[in-house]
Amino acid sequence: MSEAGPLISICREMPSLEVITLSVNSVSTLEPVSRCRQLSELYLRGNCIRSLAELCYLQGLPRLRVLWLAENPCCGPDPHRYRMTVLRNLPRLQRLDNQAVTEEELSQALLEGEEVTAPSREGTGNGQTELSYTLSTMTTAETHGDPLSFGEEEASNVQEQLGLKPPARDRSPSFSQREAVSSRKNRSNVLTAILLLLRDLDAEGLEAVHQAVVGQRQALHKRDLQEDMD
């Protein structure tokens with residue numbers, strides 16, 4: 001009998017499944033469903049999934065739109081943090097735990113959700129293994145009090161994927177240079193959040209963004225002209 005749960009293990013041999021319903025079935029990992037590329041709905045309420053790192057196994061499922069993961073240990077004591085983290089890592093979801101996902105939530109999840117990495121197995125001292133996950137921004141000093149904080153590597157990767165060159169960083173900046181670097185970092189974090197949102201927009205949404213950008217550039221140009229006149 002598989003540690004993942006006897007029923008979900010069968011999913012490894014059934015990659016064409018579109019709906020999986022295995023609530024209250026002692027499921028402990030999502031790895032068996034990672035090959036189900038046609039999967040659109042996954043119901044796993046009340047199981048034994050301990051870590052949100054397991055979400056990595058669902059990120060390669062392009063059609064997944066419905067996920068029910070409530071009443072698992074991975075949900076933790078903070079429902080809001082849990083929901084934001086799931087939506088940040090699975091932004092294509094339309095329903096999570098029987099509740100519709102809104103555009104506002106998706107935007108909020110980019111700022112408040114935690115990005116998980118691939119699960120790693122760590123010994124717990126009792127012969128068992130426990131899944132852990134790490135955040136994209138690891139140091140408290142960099143993230144405390146700043147909901148728009150992204151890891152530098154993450155921000156650079158996103159910007160490079162969209163043809164933007166990340167700003168160069170000084171190796172030993174002075175105090176004034178550190179202030180400038182901090183300002184650039186804040187702008188970079190905002191830009192990264194916007195670019196992440198753009199990935200899931202359709203043609204109509206991209207056109208709306210384009211019009212907003214054009215309007216903002218015109219407003220900035222007028223402001224610069226006014227400042228020059230003054």
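The values are calculated or read from the model by the stated rules, or taken from the named source; none is laboratory data. Nothing here was measured: the structure is a model prediction, and the numbers come from that model. As a convention, Cβ positions derive from the backbone with ideal geometry for all residues, glycine included, and neighbour counts pool all protein chains shown. What goes into the accessible areas is simple: the full protein's heavy atoms, side chains included, and nothing from ligands, DNA or RNA. Shrake-Rupley method; radii C 1.70, N 1.55, O 1.52, S 1.80 Å.
From largest accessible area down, sort SER51, SER34; use a 1.4 Å probe on the protein chains. It would help to have the intermediate numbers written out before the result.
Values: SER51 5, SER34 40 Å².
Heavy-atom accessible area, descending, gives SER34, SER51.
Per-residue counts of other Cβ atoms within 10 Å, averaged by peptide: what ranking do you get for 24-30, 60-66, highest first? Don't skip to the answer; put the middle values down first.
Details: 24-30: 19.1, 60-66: 15.7.
Top of the packing list down: 24-30, 60-66.
Given R₀ = 35 Å, what would the calculated FRET efficiency be for ASP230 paired with HIS210, taking r from the Cβ atoms and rounding to 0.05? Write out the running numbers ahead of the final one.
Working: r = 31 Å, r/R0 = 0.88.
Once rounded, the FRET efficiency stands at 0.70.
For an R0 of 30 angstrom, estimate the FRET efficiency from the Cβ-Cβ distance between ALA118 and GLU13 and round to the nearest 0.05. Present the calculation step by step, with values, prior to reporting the outcome.
Numbers: r = 23 Å, r/R0 = 0.76.
Step by step, r from the Cβ atoms, then E = 0.85.
Short version: ³J(HN,Hα) in whole Hz for each residue of segment 219-226, in order, from phi by Karplus 6.51 cos²θ - 1.76 cosθ + 1.60 (θ = phi - 60°), x for Gly and Pro, what are they?
Coupling constants for segment 219-226: 5, 5, 5, 5, 5, 5, 4, 5 Hz.
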